[in-house]
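The values are calculated or read from the model by the stated rules, or taken from the named source; none is laboratory data. Here the structure is a predicted model, which means the values were calculated and not measured. Cβ: placed from backbone, ideal geometry, glycine included. Neighbour counts: every protein chain shown.
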Amino acid sequence: MFSKSESCVSKRSRRPRCKPVRRVSVVYLGLAIATAFGCASQSPPPVQRAARPANRYIYVTTQTLPGECYTDLGAINITQPYGEAAVDKDNSEARKQLRAAALSRYPADVDALINVQSEQNDVGTQVIVTGEAVRLEDRHTVQCTLRGMEGAMDQAAMTGAGGVSGAAVGGLTGGAGGAVSVGVAGAAMMGAYQVLQHEQAKEQQAAQLRGSLDEQRREIAQLLKERSRLQQCRNDDVPLSSCQTSAQNAGSSSADQSAGQSDDQAAVDATPFEIQRQIQEQQDYIKQLKAQIAQMKWEMAGH
């Protein structure tokens with residue numbers, strides 16, 4: 001047997017028989033690299049998105065959707081006569097028309113309309129309402145990353161400002177070494193303060209939104225009760241005055257106090273956007289109930 005030092009050395013009576021080193025062909029190496037690069041550069045299979053319900057509620061806002069990942073679909077615009085827009089104080093009719101236009105153009109994708117604005121035409125006879133249709137994503141996309149970089153850059157600028165201020169103070173009191181150490185501490189403190197402030201603002205907003213949801217649920221319960229009572233009075237041919245008197249004597253029940261309690265946990269787990277969408281949807285329902293009740297009273301009064 002040969003040792004490692006004798007692998008290419010033979011005895012005197014024999015000629016050395018070292019095996020030649022095999023070299024990989026440059027062509028084969030290039031083909032291997034090209035094949036690997038081609039496999040790595042292949043796009044991933046398309047993501048299968050869940051189908052949106054046809055009767056889903058489209059959220060409409062004059063702002064964006066902070067904290068939500070969404071894809072821009074395109075602009076949506078409608079035109080209202082000036083007289084119609086003037087009586088639409090809460091813009092509910094404009095939102096309704098925007099939703100219909102967005103669902104007509106993007107029936108399988110649109111989830112919200114953001115950055116909604118209105119503007120009169122030059123002669124003042126029409127009002128043009130525009131918005132941007134978006135689709136919510138249940139995964140993070142490159143577009144969301146780029147959109148979020150603006151906020152991250154603002155945050156970094158504020159943190160850097162804290163570092164510069166700390167470095168200036170440190171340079172005045174402790175020279176270059178003090179400037180570096182105090183600057184790092186200033187940046188860290190500024191960043192921690194901004195994070196804490198942001199979390200406190202989110203908690204306060206969530207609490208306010210849940211409070212608004214609770215108030216709406218109680219109002220809806222009262223309106224449903226009033227509509228049912230008016231319907232019963234109309235079926236029994238009870239005059240409106242007698243029906244209203246009986247309602248005052250009845251007062252509120254304990255069932256009204258607990259209205260919506262089964263949805264409390266769902267509201268806690270929901271995102272701010274989901275709560276805001278539910279608030280807007282319930283507000284439209286409240287307006288619809290009030291219109292129905294007003295129409296019933298008008299008919300029962302003999303009109």
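Here are a few things to note about the model shown:
- Tally of residues being in a helix (DSSP H, G or I), aliphatic (A, V, I, L, M) and at pLDDT 70 or above across region 237-256: 1
- Taking residues in region 58-83 that are among the acidic types (Asp, Glu), and partners anywhere that are not in a strand (DSSP E or B), the pairs with Cβ atoms closer than 6 Å and at least 6 places apart or on different chains are GLU68/PHE273.
- Candidates in region 222-240 are the residues that are among the polar types (S, T, N, Q) and more than 39 Å from the chain's Cα centre (by Cα); of these, the one that is surrounded by the fewest Cβ atoms within 10 Å (Cβ to Cβ) is ASN235.
- Single residue of region 53-84 satisfying the filter (out of contact with any helix residue (DSSP H, G or I) (no Cβ under 7 Å at 6 or more places or on another chain) and surrounded by 17 or more Cβ atoms within 10 Å (Cβ to Cβ)) that is farthest from GLU203 (Cα to Cα): LEU73
- Residue within region 229-236 that is modelled with pLDDT of 80 or more, within 18 Å of ILE293 (Cα to Cα) and not in a helix (DSSP H, G or I) present: yes
- Within region 73-89, being within 14 Å of THR130 (Cα to Cα) and assigned to a strand (DSSP E or B) holds for LEU73, GLY74, ALA75, ILE76, ASN77, ILE78, THR79, GLN80.
- Here region 115-146 is the region considered, the condition is being surrounded by fewer than 15 Cβ atoms within 10 Å (Cβ to Cβ) and either part of a strand (DSSP E or B) or charged (D, E, K, R) (or both), and the residue that is modelled with the lowest pLDDT is ARG139.
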